[in-house]
Amino acid sequence: MRLTLAAALLIATAVPAIAAPLHSYGSLTLSPAGDRIADVESEGYARGKIVIRSVRDGRILTTIDPCSACSYSGLTFGPGGSLAWLQRDRNAGTVALVTGDGKSTRTIAAIKGIAQAPRFSPDGKRIALLVTIGAAKESGATQPGVRQVGEIGEKSDEQRIAVFDLAATKPVSEVTPLSPADRYIYEYDWTPDGRGFVASSALGNGDNNWWVATLDAIDATTGTVRTIARPKTQINYPRVSPDGRSVAFIGGLMSDFGSVGGDVWTVAITGGDPVNITKGEKATVTSLDWTGGGLRDTRLMGADAQVAALVPGRPTQVLWTQPASFAAGDGRVAYSANGQVAATIVQDFEHAPAIYAGARGDMRKITADNDGQAPVVKATSITWRNDGYDVQGWLIGPRTPPTAKAPMIVNVHGGPSAASTPRFISAGSPDAEYIANGYYVFYPNPRGSYGQGEAFTQANRRDFGGGDLRDILAGVDAVEKVASIDDARLGLTGGSYGGFMAMWANTQTNRFKAIVAGAGLSNWISYYGTNGIDRWMIPFFGKSAYDDPEAYQKVSAITYIKKARTPTFIYVGERDIEVPPTQSIEYWHALKEMGVPTTLMIYPDEGHGIRQPEHLADLKKRVFAWWAKYLGK
């Protein structure tokens, strides 16, 4: 449940008021030799093109754009340096797997459905791909769900591995997946001998069953599955060692696929009990790769994103650190085959995205496309102690502090296993407009968040809205010691778990004078029986809502609804399967009956997040009006 709050939802889609369009980078990958970068780049809202750059100086070597109706993703280099990617034509409902060098392209396969994660075999003669033939919805539970009409059943999309021979002379038009039916493959890695894969997978519904996924070996010829391990954690980034003997993965208490955080575990590829090789470290690992030079990970430690090298039994070696966010196509950092060269997209609240590349511990900025983007806010990392925990958050304010006290909006991230991390705030974006209109914005990372180690992430199990709310309120106190904040004009907002926190806080404190709740949870009992991902709750509550209803009731806002006093604007997507709109309806109905000012907006055809431009514009207008009405300008 990683949906962010209203302002953050709008950041990426807001049109800059004056500044030049933001130059975007995405799907970044690095050649095995470490000399070239490929990524998808665009200006503003223009369609992206594939760009290949020199690692040495960022110079553009060639641009690839063979399909004017397509979007590009999944860029990956083969062992010999050839490039492959996916071309998606949404109008035709197809995805093409393509190879090329800028002078010519060749279509390897055409998939009637959706696809992701192409990967060359170690010898470069084949490409594997995750395919969903005839997909009924986009991949992932945050996407709009299939409408629940007619006879309700359990027919689910199946994401499976398909393998394609690069020696074939004609494109494959009818794809036959290799991995078995009724098994959803989340992530995978080739074994070094090219004879198979290691994957995280689960039977049945892919949206729901990731929380019980197993670590499996899959034969690249027969598709036969052998379970390597059944970890007690969620699994991300399964990676095979260069000698083929071991598998590493990120394991931890994660509340949503794609919101990755935990420790690094290893296990013999023949099977056994996984071993935690980063146990007790005060950082959260967010991506992982196993290069020829050893294990590499990215991690979040407080305010800082880091690149690190891991050697089991030895202290972690931090190679590079920045108070920023990192991004790449397959993980947060891309590496050369020997692990000595790295590349990533870097941004923070005051600096627009740029590509950094170079020796693993000495990456430097090699692009200048966004150098004209001036910072419009001042970001400060705030740290405080509460209940024995070290807690961190981000305060966003004006470049020049105001002389008078200002209102502040407290933004709680989704998850709860996630973190608010730096991303560029451009002119015209909602946060920039908040600051321009006299507000501060505070992003706390309370217990349950990433960035302080796995024990901190697990600290809100069976305690939703308890210690984490106390951390948030203590964070507000910490902010008021360093900034001129009007405590009588505090707003609270959040989406998904942050939406729960907004609804819940209304029944626990009167400190906030206005609330905006996006896709929030008001009643954990009814939520358990109506959402499409109920398995995520067991690791947090210990038992189902039917086996331990008291644990769910005691953290439900509805249980204490008669204490609610704060005016609340509520919004949600009509086809949200992570947090169904009935949760918002239930809360809105209760507030209405209690006489608390409230408004509910349900946006048609939206999932767990508001994406359509006309809906985003409407939401922004309503949210700004709500703050102005109850917090003033």
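Please determine whether any residue of region 570-583 is surrounded by fewer than 19 Cβ atoms within 10 Å (Cβ to Cβ) and over 22 Å from the mean Cα position of the chain (by Cα). Within region 570-583 (the criterion being surrounded by fewer than 19 Cβ atoms within 10 Å (Cβ to Cβ) and over 22 Å from the mean Cα position of the chain (by Cα)), the answer is yes, since at least one residue qualifies. I need a count of the residues in region 302-326 that are hydrophobic (A, V, I, L, M, F, W, C) and in contact with a Pro (Cβ under 8 Å, 6 or more places away or on another chain). Of the residues in region 302-326, 3 are hydrophobic (A, V, I, L, M, F, W, C) and in contact with a Pro (Cβ under 8 Å, 6 or more places away or on another chain). Residue count for region 315-370 satisfying the condition of being closer than 12 Å to residue 298 by Cα and without any contact (Cβ under 8 Å) to a residue 12 or more places away in the chain: 1. Those helices (runs of 4 or more DSSP H) of region 514-633 in which 1 or more residues are under 29 Å from residue 204 (Cβ atoms) and of a type in the set (Gly, Ala, Ser) occupy 524-530, 549-553, 581-594.
Regarding residue 361, is this residue open to solvent by 20 Å² or more (accessible area, probe 1.4 Å) and not in a strand (DSSP E or B)? Taking the combined requirement at face value, the residue satisfies it.
Taking into account only those residues within region 276-317 that are among the aliphatic types (A, V, I, L, M) and more than 20 Å from residue 456 (Cα to Cα), which is surrounded by the fewest Cβ atoms within 10 Å (Cβ to Cβ)? Checking each candidate, the answer is 311. Among the residues here, residue 264 qualifies as in contact with a Ser or Thr (Cβ under 9 Å, 6 or more places away or on another chain), modelled with pLDDT of 95 or more and open to solvent by less than 10 Å² (accessible area, probe 1.4 Å).
Scanning region 516-535 for residues that are buried (at least 23 other Cβ atoms within 10 Å of the Cβ) and either over 16 Å from residue 497 (Cβ atoms) or touching a Phe, Trp or Tyr at 6+ places or on another chain (Cβ under 6 Å) (or both) yields 516, 518, 520, 521, 522, 524. Within the option set 456, 512, being among the aromatic types (Phe, Trp, Tyr) and surrounded by fewer than 23 Cβ atoms within 10 Å (Cβ to Cβ) holds for one residue only, 456.
Just one residue in the set 107, 94 is touching a Pro at 6+ places or on another chain (Cβ under 9 Å) and of a type in the set (Ser, Thr, Tyr); that residue is 107. Looking at 611, 622, just one residue is modelled with pLDDT under 95 and either open to solvent by 10 Å² or more (accessible area, probe 1.4 Å) or acidic (Asp, Glu) (or both), and that residue is 611. In this entry, residue 600 is excluded by the filter for residues that are under 25 Å from the mean Cα position of the chain (by Cα) and either farther than 21 Å from residue 618 by Cα or among the aliphatic types (A, V, I, L, M) (or both). Just checking, does region 536-555 include any residue being polar (S, T, N, Q), modelled with pLDDT of 95 or more and over 27 Å from residue 454 (Cα atoms)? Among the residues of region 536-555, not one is polar (S, T, N, Q), modelled with pLDDT of 95 or more and over 27 Å from residue 454 (Cα atoms), which makes the answer no.
Count of region 198-236 residues, restricted to those that are under 18 Å from residue 132 (Cα atoms) and in a strand (DSSP E or B), is 6.
The values are calculated or read from the model by the stated rules, or taken from the named source; none is laboratory data. Fair warning: this is a prediction, and the values are worked out from it, not measured in the lab. Heads up, the Cβs are rebuilt from the backbone with ideal geometry, glycines too, and the neighbour counts pull from every protein chain shown. SASA here: full protein model, heavy atoms, side chains in, ligands and nucleic acids out. Shrake-Rupley method; radii C 1.70, N 1.55, O 1.52, S 1.80 Å.
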